[in-house]
Amino acid sequence: MHPQLTRSFCAIATVICAFSASPAWSAELDPQPIKPELQRLIGQMYPNMRSVYEDLHAHPELGFQETRTAAKLASEMRKLGFEVTEGIGKTGLVAIYRNGAGPTVMVRTELDALPMEEKTGLPYASKAKAQYNGKESFVAHSCGHDMHMTSWLGTAQALLGMKDKWKGTLMFVAQPSEETVTGAKAMLADGLFKKFGKPDYAFALHTGSMPYGMVGYVAGPATSNSDSLDITFHGRGSHGSMPDKGIDPVLMASRFVVDVQGVISREKDPMEFGVVTVGAFNSGSAGNIIPDQARLLGTIRSYKSEVRTKMHEGIERTAKAEAAMSGAPAPEVKLVKGSDAVVNDAALVGRTVKLFKAALGDRNVIPISPITASEDFSDFINQGVPSMFYTLGVYDPKKVAEASQPGGKPLPFNHSPFFAPEPEPTFKTGVETMTLAVMNVMQ
Ligand SMILES: [Zn+2]
Ligand SMILES: [Zn+2]
């Protein structure tokens, strides 16, 4: 992936946290009497949803190019009776269904796939190609967004099948280009919440390498703040044999790469998460020439805003100090804020987790650690929408258990060319949990 692009949500740790965030909420909804009807609806829709899933999987599209995907979702939602508006944030869509007075609840899916080759060998594996950064690239749904879309459609269908059991407005949002963490911003800039109203709650799920039938949750930060670093050191070009006649930008930039880690290890609170990675170092053309500049590209991750600010200050100070030490002009330092951390609403997580436990059993609803990757679902949350982003397991529990044994073969994470959820159980738990979560706030 291009180093300036922030990596999106991927690796999901299933490490159980020391703290479980389940205050004594009384669930408004008792899932037990509803489950038989919900499961019947899910079973009934599954054959059609399976073919939608395979079709989406076999025809992935890159961010802001998801025209076929969006058209398919729009058509399915119109069939259900939703009022669909396409082209919000270029390729995004919004589907509204009004069912009496009550809260507006948003359910988000992503539309985009990744510029990579799929190697799962599945009969419906993608062979698609598209232009990416000026080159032809394979395209694959290796982050599970096809499963998110199918669960999103299934949830819409299940909610309409049980519309005597909730009141309010459904706001189903399909956003483009999550992988570049720019699609949510594009939809908001296009007036998403101005044209359709700001929802009272929002939910999103993401597949992860946990056992199917299980979901993982975090109260508070669930993903990281993701910022980009772009620093150019200006030196003075010279002959490689005459370093005293120039100012060496390679030396300055090299010192920066090493010294900036001192910001992490010596300045940041060691108990707080923070990462700086220089992923691209570009300078020079030949061994006997001291070039006149060096450009570094990197990524900066954190959970808390005070840690983020401290790291940005330290990175900038270190870059300037390296240049001053060489007697060079001040470097150009661009530290650009990308996506913010997804911060789940603790109260909403508390009541939803209680409901999930009642539906799936305590052992299938587990607290997980926040991940270091990023997600732009945060852009919707930061408009002041109490939200919950949770993880949906995708693998055979036996295989997950085997993989965790010493010497066990690790299962592919999101963004692996081998990432392949088990469609049926993943879909069924996705629809069951999302439908219940939405109904729970619409009582
Ligand atoms: Zn991803
Ligand atoms: Zn993803």
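Out of V342, V353, V349, report the one residue that is under 27 Å from H57 (Cα atoms) and β-branched (V, I, T).
Result: V342 is the single residue among V342, V353, V349 that is under 27 Å from H57 (Cα atoms) and β-branched (V, I, T).
Need the failing condition index for E179 against (1) within 16 Å of ligand 2 (Cβ to nearest atom); (2) closer than 24 Å to N440 by Cα, just the number.
Checking E179 against (1) within 16 Å of ligand 2 (Cβ to nearest atom); (2) closer than 24 Å to N440 by Cα, the one that fails is (2).
Can you give me the number of residues within segment 150-189 that are over 14 Å from the mean Cα position of the chain (by Cα) and part of a helix (DSSP H, G or I)?
Residues that pass the stated criteria total 19.
Would you check if L205 is outside any loop (DSSP other than H, G, I, E, B), within 16 Å of ligand 2 (Cβ to nearest atom), among the aliphatic types (A, V, I, L, M) and in the same structural domain as L348 (by TED's automatic domain parsing)?
Considered against the rule, which asks whether it is outside any loop (DSSP other than H, G, I, E, B), within 16 Å of ligand 2 (Cβ to nearest atom), among the aliphatic types (A, V, I, L, M) and in the same structural domain as L348 (by TED's automatic domain parsing), L205 comes out as yes.
Quick one: would you say V394 is β-branched (V, I, T) and within 24 Å of V139 (Cα to Cα)?
When the stated conditions are applied, V394 passes them.
So which of F413, F418 is surrounded by fewer than 20 Cβ atoms within 10 Å (Cβ to Cβ), in the same structural domain as D164 (by TED's automatic domain parsing) and in contact with a Pro (Cβ under 7 Å, 6 or more places away or on another chain)?
Testing whether each residue is surrounded by fewer than 20 Cβ atoms within 10 Å (Cβ to Cβ), in the same structural domain as D164 (by TED's automatic domain parsing) and in contact with a Pro (Cβ under 7 Å, 6 or more places away or on another chain) leaves just F418.
If a residue must be assigned to a helix (DSSP H, G or I) and either surrounded by 24 or more Cβ atoms within 10 Å (Cβ to Cβ) or within 16 Å of the chain's Cα centre (by Cα) (or both), how many such residues does segment 208-246 contain?
0
All but one of (1) within 16 Å of ligand 1 (Cβ to nearest atom); (2) of a type outside the set (A, V, I, L, M); (3) in contact with a helix residue (DSSP H, G or I) (Cβ under 6 Å, 6 or more places away or on another chain) hold for G161; state the number of the condition that does not hold.
The one condition G161 does not meet is (1).
Kindly check whether there is at least one residue in segment 124-139 that is within 16 Å of ligand 1 (Cβ to nearest atom) and within 24 Å of G197 (Cα to Cα).
no
Where residues in segment 288-338 are assigned to a helix (DSSP H, G or I) and among the acidic types (D, E), which of them is farthest from P221 (Cα to Cα)?
So the residue we want is E322.
Of these, M388, M439, which one is more than 16 Å from ligand 2 (Cβ to nearest atom), under 17 Å from the mean Cα position of the chain (by Cα) and touching a residue at least 40 places away in the same chain (Cβ under 8 Å)?
M388
Would you check if I290 is in contact with a Pro (Cβ under 9 Å, 6 or more places away or on another chain), surrounded by 17 or more Cβ atoms within 10 Å (Cβ to Cβ) and β-branched (V, I, T)?
Yes.
The values are calculated or read from the model by the stated rules, or taken from the named source; none is laboratory data. Remember, predicted model here, so these are calculated numbers, not experimental data. Positions of Cβ are backbone-derived with ideal geometry, glycine not excepted, and every protein chain shown enters the neighbour counts.
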